[in-house]
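To start, the structure itself, in C-alpha cells.
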Amino acid sequence: MSQEKLNPLVLFQQSEVDAVLMYQKLSEIAKDEQLKETFKKAAADEGRHAAILRSFTGEALKPKPTLAFAVSSMARVTGIRFILKFISEFEYAAGKKYLPFVKDYPEIAGIIKDEGVHGDIMNREYLRLRKKK
C-alpha cells in the first residue's frame with residue numbers, strides 16, 4: 001500500500017486509539033452507572049475500530065493522552081452532560097471522514113455505522129441526564 005493511501009488510515013487509527021482512552025477516563029469519572037457502562041462499551045467499540053484499521057496499516061499505535069485529558073478535564077469543570085453533546089458531534093463528524101475510504105476498505109462501513117450509533121447514544125444520554133436534573 002502506498003504511503004499516500006496509508007497516511008489517512010494511520011491518522012484514523014490514532015484517533016480511534018485516543019478515543020479508547022478518552023472513553024475509559026470518562027467512565028472513571030462518571031457517577032451515573034448507566035453512563036459508566038455506556039462509556040465502557042464505546043471504549044470497546046473504538047478499540048475494535050482501531051484493530052480493523054491496524055489490519056490495514058500494520059501499525060501498533062499507543063494512545064496520546066491529549067484528548068482524554070482535555071475531555072475529562074472539561075467534564076470535571078462543566079459537568080459530564082455538556083461533554084456528551086460535544087462527543088456526539090465528534091462521533092458524527094468522525095463517521096463522515098471515513099466515507100471516501102469505504103470503496104477501497106469495505107470493513108470501514110461498519111466503523112461508520114458505529115460512529116453514528118455512538119453519536120445517537122451520546123445524544124440520548126445527554127437528554128436522559130438533562131431530564132434527571
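Among the residues of segment 16-31, those identified as under 30 Å from K132 (Cβ atoms) and either open to solvent by less than 40 Å² (accessible area, probe 1.4 Å) or touching a Lys or Arg at 6+ places or on another chain (Cβ under 6 Å) (or both) are D18, A19, V20, L21, M22, Y23, L26, S27, A30.
Of the residues making up segment 3-15, just one is open to solvent by less than 30 Å² (accessible area, probe 1.4 Å) and touching a residue at least 60 places away in the same chain (Cβ under 8 Å), namely L9.
For L53, all conditions in the list (1) of a type in the set (A, V, I, L, M, F, W, C); (2) touching a residue at least 24 places away in the same chain (Cβ under 8 Å); (3) within 15 Å of L21 (Cβ to Cβ); (4) part of a helix (DSSP H, G or I) hold save one; what is the number of the exception? Failed condition: (3). Restricting attention to segment 56-68, the residues being out of contact with any Asp or Glu (no Cβ under 6 Å at 6 or more places or on another chain) and in contact (Cβ under 8 Å) with a residue 40 or more places away in the chain number 8.
The number of residues in segment 103-123 that are in contact with a helix residue (DSSP H, G or I) (Cβ under 9 Å, 6 or more places away or on another chain) and open to solvent by 40 Å² or more (accessible area, probe 1.4 Å) comes to 7.
Hey, among the residues in segment 70-89 that are free of Cβ contacts under 8 Å to residues at least 12 places away in the same chain and over 19 Å from I121 (Cβ atoms), which one's most open to solvent (accessible area, probe 1.4 Å)? Per the criteria, the residue is V77.
For segment 72-104, a residue qualifies if it is of a type in the set (S, T, Y), modelled with pLDDT of 95 or more and farther than 15 Å from Y23 by Cα, and the qualifying residues are Y92, Y98.
Taking the numbered list (1) closer than 19 Å to E16 by Cα; (2) within 16 Å of the chain's Cα centre (by Cα); (3) in a helix (DSSP H, G or I) in turn, L61 passes all entries but (3).
I need the full set of residues from segment 16-32 which are under 14 Å from Y126 (Cα atoms) and of a type in the set (D, E), in order please. Result: D32, single match. Just a yes or no: is a residue in segment 32-50 aliphatic (A, V, I, L, M), out of contact with any Leu (no Cβ under 9 Å at 6 or more places or on another chain), touching a residue at least 12 places away in the same chain (Cβ under 8 Å) and surrounded by 15 or more Cβ atoms within 10 Å (Cβ to Cβ)? Scanning segment 32-50, I find no residue that is aliphatic (A, V, I, L, M), out of contact with any Leu (no Cβ under 9 Å at 6 or more places or on another chain), touching a residue at least 12 places away in the same chain (Cβ under 8 Å) and surrounded by 15 or more Cβ atoms within 10 Å (Cβ to Cβ), so the answer is no.
The values are calculated or read from the model by the stated rules, or taken from the named source; none is laboratory data. All values derive from a computational prediction rather than experimental measurement. Methodologically, a virtual Cβ is constructed for each residue, glycine included, from the backbone with ideal geometry; neighbour enumeration extends over all protein chains shown. Just the protein is used for accessible areas: all its heavy atoms, side chains included, with ligands, DNA and RNA removed. Shrake-Rupley method; radii C 1.70, N 1.55, O 1.52, S 1.80 Å.
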